[in-house]
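What follows is one structure encoded as structure tokens, with my remarks underneath.
The values are calculated or read from the model by the stated rules, or taken from the named source; none is laboratory data. Values in this document were obtained by computation on a predicted structure and should not be read as measured data. FYI the Cβ positions are ideal-geometry reconstructions off the backbone, even for glycines, and counts take in every protein chain you see.
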């Protein structure tokens with residue numbers, strides 16, 4: 001493509017240079033032809049003028065009886081003859097061979113004219129008076145007409161030369177048109193070839209780009225499905241671990257507490273050391289029961305499955321307020337407990353991560369969680385008064401929230417800036433309309 005465009009540009013430059021050179025040649029030839037024609041025409045006009053003036057001076061010379069006037073006319077005749085000879089000699093310079101014959105004829109006529117007039121210039125007054133009429137009529141006037149005829153023939157030759165110059169110009173124009181046409185046709189052919197090559201290459205690139213785009217789209221779709229499956233597997237595993245911790249480990253720890261109570265009752269009251277040791281073991285077992293319960297709730301709060309989304313969010317708010325001192329208010333109106341499990345899990349995990357970020361990174365003091373649902377969408381907004389951050393800087397937690405929302409076909413938006421808190425909003429499209437439940441409002445701002 002670079003070679004094609006370079007060749008096309010080169011042809012355009014060549015065309016411009018050729019046109020400029022041709023126009024310069026045409027202008028030069030035209031100026032030269034016109035200059036030569038005008039110069040020769042001016043010489044012929046001067047030659048005719050000198051010839052007429054020489055005849056008039058010769059007539060006055062022959063007819064004047066005053067010797068002084070006659071001598072003055074004789075001097076004028078000699079000067080005019082010199083000028084005419086110089087004009088013919090200048091006219092001969094640069095002539096073509098076919099033009100020299102006419103000029104030679106004019107030169108012979110002029111020499112004969114000068115030879116005829118030369119004896120009359122030495123006549124005295126009586127001879128001039130006696131021979132003037134016959135001399136002018138028989139010698140001067142015929143030769144003058146002869147020279148005028150030769151000059152006219154030369155003019156005709158000059159006219160033909162002018163016409164030939166025009167023909168030469170026409171040939172130059174024709175050659176220029178042929179060069180321009182040939183260069184234009186070559187440029188058009190090269191342009192068409194370049195267009196075909198470019199179009200073919202572009203179509204090939206488009207097909208490759210489309211194939212790669214489809215491949216990337218399929219890969220991205222597969223990644224989304226894999227991410228969704230991973231999230232579902234993670235939630236399922238968390239639910240399983242939470243159930244096992246609650247049912248197995250929790251039950252075992254509860255049985256241990258019962259056995260420890262039985263064992264403590266069997267120790268005699270007077271054995272204070274044994275009673276104290278039994279109480280220490282019981283407190284340790286009770287602490288382990290609390291740890292197991294908290295681990296179970298953090299993995300998957302059973303109330304999310306047993307009681308629904310609103311109680312789970314309320315419990316999460318209380319726990320966050322108890323651990324961090326941050327005041328959390330939950331407003332979950334119009335939240336149906338018939339919402340699909342993946343939607344409830346997504347909302348719960350987004351709120352959980354947002355509260356964790358608000359406490360750990362934003363250093364917020366107040367957080368408000370709002371959940372709304374209509375016939376087609378579920379909307380969640382989490383607003384805190386923390387220190388905020390640049391929304392472009394997304395950590396793994398925010399990316400995880402965004403991925404969960406996108407897996408359900410929802411939209412995720414975060415609005416934050418340093419010094420003005422953070423607002424997270426998500427919109428989840430519901431697969432099918434759900435009946436509106438009774439209004440459930442929970443408010444937790446208690447520090448435990």
Hey, residue 44 hits all of (1) farther than 28 Å from residue 172 by Cβ; (2) in contact with a helix residue (DSSP H, G or I) (Cβ under 8 Å, 6 or more places away or on another chain) but one; which does it fall short on? (1)
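On the basis of being over 24 Å from residue 156 (Cα atoms), under 57 Å from the mean Cα position of the chain (by Cα) and in contact (Cβ under 8 Å) with a residue 12 or more places away in the chain, does residue 22 make the cut?
yes
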Given the structure, is residue 16 modelled with pLDDT of 75 or more and either within 19 Å of residue 140 (Cβ to Cβ) or not in a helix (DSSP H, G or I) (or both)? no
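Conditions tested, residue by residue: (1) within 30 Å of residue 365 (Cα to Cα); (2) surrounded by 14 or more Cβ atoms within 10 Å (Cβ to Cβ); (3) in contact with a strand residue (DSSP E or B) (Cβ under 6 Å, 6 or more places away or on another chain); (4) at pLDDT 80 or above.
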| residue | (1), (2), (3), (4) |
| --- | --- |
| 246 | no, yes, no, no |
| 258 | no, no, no, no |
| 261 | no, no, no, no |
| 284 | no, no, no, yes |
| 293 | yes, yes, no, no |
| 325 | yes, no, no, yes |
Hey, among the residues in the range 352-370 that are part of a helix (DSSP H, G or I) and in contact with a helix residue (DSSP H, G or I) (Cβ under 8 Å, 6 or more places away or on another chain), which one's surrounded by the most Cβ atoms within 10 Å (Cβ to Cβ)? 354
Checking residue 91 against (1) surrounded by fewer than 14 Cβ atoms within 10 Å (Cβ to Cβ); (2) at pLDDT below 75, only one condition comes out false. Which one? (1)
Being in contact with a helix residue (DSSP H, G or I) (Cβ under 6 Å, 6 or more places away or on another chain), modelled with pLDDT of 75 or more and part of a helix (DSSP H, G or I) is the requirement here; does residue 179 meet it? yes
For residue 37, are the conditions met, namely being surrounded by fewer than 17 Cβ atoms within 10 Å (Cβ to Cβ), more than 52 Å from the chain's Cα centre (by Cα) and closer than 30 Å to residue 179 by Cβ? yes
Considering only the range 118-126, I want to know if a residue exists there that is without any contact (Cβ under 8 Å) to a residue 60 or more places away in the chain, assigned to a helix (DSSP H, G or I) and under 21 Å from residue 53 (Cβ atoms). yes
Give the residues of the range 13-29 that are closer than 10 Å to residue 183 by Cβ and surrounded by 14 or more Cβ atoms within 10 Å (Cβ to Cβ), sorted by residue number. 14, 15, 18, 19
